[in-house]
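Input: a single structure, listed below in structure tokens.
The values are calculated or read from the model by the stated rules, or taken from the named source; none is laboratory data. What you see is a predicted model; the values in this text were computed from it and never measured. We place every Cβ from the backbone using ideal geometry, glycine too, and count neighbours over all the protein chains shown.
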Amino acid sequence: MAEPPLLVDRRAGYRLITLNRPARLNAFDEAMHRALAAAVAECEADPSCRAVLLTGAGRGFCAGQDLTERVAQPGGPQDVGGALDAYYNPLVRRLRALPFPTVAAVNGVAAGAGANLALACDIVIAARSASFIQAFARIGLVPDCGGTWFLPRLVGAARARALTLLAEPLPAEKAEAWGLIWKVVDDAELMREAERLCTHFAQAPTVGLALTKRALDAAETNDLSAQLDLERDLQRQAGATPDFAEGVRAFLEKRPPLFSGRGSR
Ligand code: T3D
């Protein structure tokens with residue numbers, strides 16, 4: 001029987017999603033796209049899901065678009081922008097809007113859309129042997145999946161230009177030093193560390209975290225005054241959650257808080 005292109009493991013309070021086309025370094029074909037869209041939608045609809053952990057099977061994280069699906073056909077150019085409309089853009093929008101944290105555990109090379117898929121997650125941790133490649137220039141494409149938006153914000157204009165125009169691999173340790181990702185860990189520690197983060201998030205004040213994500217996203221375009229107003233509005237919402245009441249009670253009683261993650265997010 002053929003292997004499924006995606007593995008979804010229900011953990012206590014979070015989902016572990018594994019891209020599962022290791023023979024092609026987990027490059028995206030249509031079946032993997034459809035499976036990932038369904039898995040993310042299912043996480044979003046499940047109030048008991050309080051984090052998502054995304055990783056890859058085998059030695060790669062994700063090599064972007066499966067190029068065997070893009071072999072030129074007679075009859076004119078392909079509309080590769082159509083794949084962005086159909087799959088990549090909805091995926092990035094949906095991931096960014098999830099009302100709980102997303103963690104990418106980059107276990108190996110992350111290339112093209114695969115690199116930017118990782119950057120679309122809230123927290124990126126990488127194995128020391130992993131690397132990030134804006135591979136698009138090698139095949140005459142432009143960076144997609146939000147790469148031209150994430151990169152200058154994360155590493156600055158000069159590095160974003162060189163990474164995208166040269167398409168050279170960026171080793172994980174340099175990616176950490178440049179602020180592209182949260183941290184690098186030894187290969188053998190990667191999943192343990194990623195799971196530790198997600199277990200933490202599964203017990204966290206989820207609504208407050210969702211509102212924090214909204215505030216940080218809005219800060220990309222707001223001026224300070226607008227951002228201060230937004231923080232007030234979101235703080236009002238966070239302050240009305242049972243988790244805020246529990247957090248204060250637990251602090252005063254000198255015990256660990258027991259957050260439910262409930263409230264409108
Ligand atoms: O068209 C649209 O939908 C628009 C959207 C585009 C989004 C994009 O992501 S465009 C960018 C597409 N990705 C790439 O250009 C990366 C292609 N891959 C590579 O450059 C290299 O594989 C890596 C640098 C990522 C890793 O190199 P290496 O030497 O570690 O591994 P390898 O030997 O090249 O790859 C291992 C196998 O995976 C190999 O198959 P084989 O020879 O063992 O049968 C290779 O062909 C396959 N593979 C790797 N990447 C892809 C792939 N097969 C299909 N598509 C791939 N993207």
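From the list Val71, Val92, exactly one residue is closer than 26 Å to Gly208 by Cα and either surrounded by fewer than 14 Cβ atoms within 10 Å (Cβ to Cβ) or more than 8 Å from the ligand (Cβ to nearest atom) (or both). Which is it?
It is Val92.
Working only within the range 95-108, note down all residues that are crowded, with 24+ Cβ neighbours inside 10 Å, within 16 Å of the ligand (Cβ to nearest atom) and aliphatic (A, V, I, L, M).
Ala104, Val106
State whether the residues of the range 242-254 include one that is surrounded by fewer than 18 Cβ atoms within 10 Å (Cβ to Cβ), among the small types (Gly, Ala, Ser) and in contact with a helix residue (DSSP H, G or I) (Cβ under 8 Å, 6 or more places away or on another chain).
Within the range 242-254 (the criterion being surrounded by fewer than 18 Cβ atoms within 10 Å (Cβ to Cβ), among the small types (Gly, Ala, Ser) and in contact with a helix residue (DSSP H, G or I) (Cβ under 8 Å, 6 or more places away or on another chain)), the answer is no, since none of the residues qualifies.
Using beta carbons and a limit of 6 Å, which pairs, at least six apart or on different chains, have the first residue in the range 236-247 and free of Cβ contacts under 8 Å to residues at least 60 places away in the same chain and under 9 Å from Val207 (Cβ atoms) and the second one in a helix (DSSP H, G or I) and of a type in the set (Val, Ile, Thr)?
Final answer for the pair search is Thr241/Val207.
Report, by residue number, each residue of the range 146-177 that is free of Cβ contacts under 8 Å to residues at least 60 places away in the same chain, of a type in the set (A, V, I, L, M, F, W, C) and buried (at least 16 other Cβ atoms within 10 Å of the Cβ).
Listed by number, the residues that qualify are Trp149, Phe150, Leu151, Leu154, Val155, Ala160, Leu163, Ala167, Leu170, Ala175.
Considering only residues of the range 132-143 that are more than 8 Å from the ligand (Cβ to nearest atom) and not in a loop (DSSP other than H, G, I, E, B), which is surrounded by the most Cβ atoms within 10 Å (Cβ to Cβ)?
Phe132
Within the range 168-265, considering only helices (runs of 4 or more DSSP H) that don't extend past its boundaries, which have at least 3 residues that are closer than 30 Å to Thr55 by Cβ?
172-177, 190-202, 206-219
Quick check: anything in the range 74-96 in contact (Cβ under 8 Å) with a residue 12 or more places away in the chain and under 20 Å from His200 (Cβ atoms)?
yes
Looking at the range 109-131, which of its residues are in contact with a Lys or Arg (Cβ under 8 Å, 6 or more places away or on another chain), more than 15 Å from the ligand (Cβ to nearest atom) and within 12 Å of Val52 (Cβ to Cβ)?
Residue satisfying the conditions is Asp122 alone.
Which one of these is crowded, with 24+ Cβ neighbours inside 10 Å, more than 7 Å from the ligand (Cβ to nearest atom) and farther than 19 Å from Ala137 by Cβ: Gly56, Gly82?
Going through Gly56, Gly82 in turn, the sole match is Gly56.
Do you know which residues across the range 33-53 are over 23 Å from Ala127 (Cα atoms), within 16 Å of the ligand (Cβ to nearest atom) and buried (at least 20 other Cβ atoms within 10 Å of the Cβ)?
The answer is His33, and nothing else.
Restricting to the range 38-80, and then to whatever is modelled with pLDDT of 95 or more and of a type in the set (Lys, Arg), can you tell me which residue is farthest from Asn116 (Cα to Cα)?
Applying the filter and picking the extreme gives Arg50.
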